[in-house]
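Enquirer: What follows is a single structure, and I will ask about it in a moment.
The values are calculated or read from the model by the stated rules, or taken from the named source; none is laboratory data. Worth saying up front: this structure is predicted, and the values here are computed from it rather than measured. In this analysis, Cβ positions are derived from the backbone assuming ideal geometry, glycine residues included, and neighbour counts consider all displayed protein chains. The protein model used for the area step is the full one, side chains on, heavy atoms only, and it has no ligands, DNA or RNA in it. Shrake-Rupley method; radii C 1.70, N 1.55, O 1.52, S 1.80 Å.
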Amino acid sequence: MTKPRVVITGAAGFIGSHLAETLLDRDYSVVGIDNLLTGDTANISHLIGRDFAFIKHDVTNYVYIDGPVDFVLHWASPASPIDYLELPIPTLKVGALGTHKALGLAKAKGATFVLASTSEVYGDPLEHPQKETYWGNVNPIGPRGVYDEAKRFAEAMTMAYHRYHGLDTKIVRIFNTYGPRMRINDGRAVPAFMSQALRNEDVTVFGDGSQTRSFTYITDLVDGIIRLMRSDTNDPVNIGNPQEMTIKDIAETIIRMTGSKSHIIYQSLPTDDPKQRRPDITRARTLLKWEPKVALEEGLVKTIEYFRTKVG
Ligand code: UDP
């Protein structure tokens, strides 16, 4: 029997590279595409020599792949608040034009399409915890709007291909995820706090640190994505660890776990920074039998190990 073949856009990124590796481990053939705007070949160099091919390409342009394809996983996008402030137009383009090209590839190959969506589609949520039925509270013209609206458009385009073309599509709404291969300087809370703590520098908490997030370890997320890709649901599914904590708590936990001498300093809260975020995962539990397994401290230990090798 031939192996199922998967195309991953954004394969050199944090999540894309873990997805590629786990799919190879599970006997899939993988084609990775990335324009290396925020991705890094160091994340995938260890996959060379396995059933893995890499194409350097910007998926906002036509994507050509030879041979059969069973799944298209559309992961390409700048994904941290700093990235989308610095790269607003590439963020909009990959969410809109890139999603269109990736859907077109899936349609041409009769493949199942999976969209990497985000808890950002809920914006600064007025419903808590967030269920997939919640429509969100997004500022379209704020600095985060380029990401939030691109992903909302991508969801709309995905559902249009499903309804109009009968394409088998999946949408995963990813909540804050952490783990090895995050970029030290991507500006997100966990890598920022870890690199600051490991250097004994001030740890920069934005606002008063009372805003909440729910952090998922990368292996749990990847397991949820693979379950969704193999499921028969076409509705969006939240994948995230429902354990909610304040940003001040995670900063203190990281300072303690790294044995750091750092102190917290408070800086201004970015525009439209969501005050609370926690997934309702009833749908993932029921439809995918998915449950996060990695406790926060266990995931943080592995992530700190990785950051120790990166922080000079
Ligand atoms: N944050 C912070 N200090 C930092 C980086 C982030 O206090 O150096 C806060 C940020 O304002 C937000 C939370 O941590 O409230 C999570 O931010 P992140 O950029 O990781 O992702 P978001 O959930 O906002 O997309």
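Enquirer: Of all residues in segment 165-189 being more than 17 Å from Leu115 (Cα to Cα) and more than 10 Å from the ligand (Cβ to nearest atom), which is surrounded by the most Cβ atoms within 10 Å (Cβ to Cβ)? Talk me through it step by step, then tell me what you get.
Expert: Residues of segment 165-189 that are more than 17 Å from Leu115 (Cα to Cα), as a first pass: 178-189.
In the following step, the residues that additionally are more than 10 Å from the ligand (Cβ to nearest atom) were identified as 179-181, 183-185.
Numbers: Gly179: 23, Pro180: 18, Arg181: 21, Arg183: 19, Ile184: 16, Asn185: 11.
Here the residue is Gly179.
Enquirer: Still on this structure: Kindly provide the set of residues from segment 114-155 that are of a type in the set (Ser, Thr, Tyr), more than 13 Å from the ligand (Cβ to nearest atom) and buried (at least 22 other Cβ atoms within 10 Å of the Cβ), ordered by number.
Expert: Going residue by residue through segment 114-155, those that are of a type in the set (Ser, Thr, Tyr) are 117-119, 122, 133-134, 147.
Of the ones still in play, those that are also more than 13 Å from the ligand (Cβ to nearest atom) are 117, 133-134.
Within segment 114-155, just Ser117 meets the criteria.
Enquirer: Only one residue in Ala96, Ala11, Ala102, Ala106 is crowded, with 23+ Cβ neighbours inside 10 Å and either out of contact with any strand residue (DSSP E or B) (no Cβ under 9 Å at 6 or more places or on another chain) or part of a loop (DSSP other than H, G, I, E, B) (or both), so which one is that?
Expert: Details: Ala96 fails: crowded, with 23+ Cβ neighbours inside 10 Å; Ala102 fails: either out of contact with any strand residue (DSSP E or B) (no Cβ under 9 Å at 6 or more places or on another chain) or part of a loop (DSSP other than H, G, I, E, B) (or both); Ala106 fails: either out of contact with any strand residue (DSSP E or B) (no Cβ under 9 Å at 6 or more places or on another chain) or part of a loop (DSSP other than H, G, I, E, B) (or both).
Going through Ala96, Ala11, Ala102, Ala106 in turn, just one is crowded, with 23+ Cβ neighbours inside 10 Å and either out of contact with any strand residue (DSSP E or B) (no Cβ under 9 Å at 6 or more places or on another chain) or part of a loop (DSSP other than H, G, I, E, B) (or both): Ala11.
Enquirer: Looking only at segment 83-113, how many residues end up being within 16 Å of the ligand (Cβ to nearest atom) and in contact with a Lys or Arg (Cβ under 8 Å, 6 or more places away or on another chain)?
Expert: Applying the first criterion (within 16 Å of the ligand (Cβ to nearest atom)) to segment 83-113 yields 83-88, 91, 95.
Those left that are additionally in contact with a Lys or Arg (Cβ under 8 Å, 6 or more places away or on another chain): 84, 95.
The total comes to 2.
Enquirer: Could you count how many residues in segment 58-87 are open to solvent by less than 50 Å² (accessible area, probe 1.4 Å) and not polar (S, T, N, Q)? Reasoning before the result, please.
Expert: Our first condition is that a residue be open to solvent by less than 50 Å² (accessible area, probe 1.4 Å); within segment 58-87, this holds for 59-60, 63, 65, 67, 69, 71-81, 83-84, 87.
Of the ones still in play, those that are also not polar (S, T, N, Q) are 59, 63, 65, 67, 69, 71-76, 78-79, 81, 83-84, 87.
Qualifying residue count, segment 58-87: 17.
Enquirer: So which residues in segment 203-217 are touching a strand residue (DSSP E or B) at 6+ places or on another chain (Cβ under 6 Å) and either without any contact (Cβ under 8 Å) to a residue 12 or more places away in the chain or more than 10 Å from the ligand (Cβ to nearest atom) (or both), if there are any at all?
Expert: Thr216
Enquirer: Can you name every residue in segment 197-221 that is more than 22 Å from the chain's Cα centre (by Cα) and open to solvent by 30 Å² or more (accessible area, probe 1.4 Å)?
Expert: Leu198, Arg199, Asn200, Glu201, Asp202, Asp208, Ser210
Enquirer: Kindly state which strands (runs of 3 or more DSSP E) lie completely within segment 228-312 and contain at least 2 residues that are open to solvent by less than 20 Å² (accessible area, probe 1.4 Å). Walk me through how you get there before you give the answer.
Expert: Values: elements: 236-239, 244-246, 264-267.
Qualifying strands (runs of 3 or more DSSP E): 236-239.
Enquirer: In addition: (1) touching a residue at least 24 places away in the same chain (Cβ under 8 Å); (2) within 11 Å of the ligand (Cβ to nearest atom); (3) not in a loop (DSSP other than H, G, I, E, B): which one isn't true of Ala192, the others all being true?
Expert: (1)
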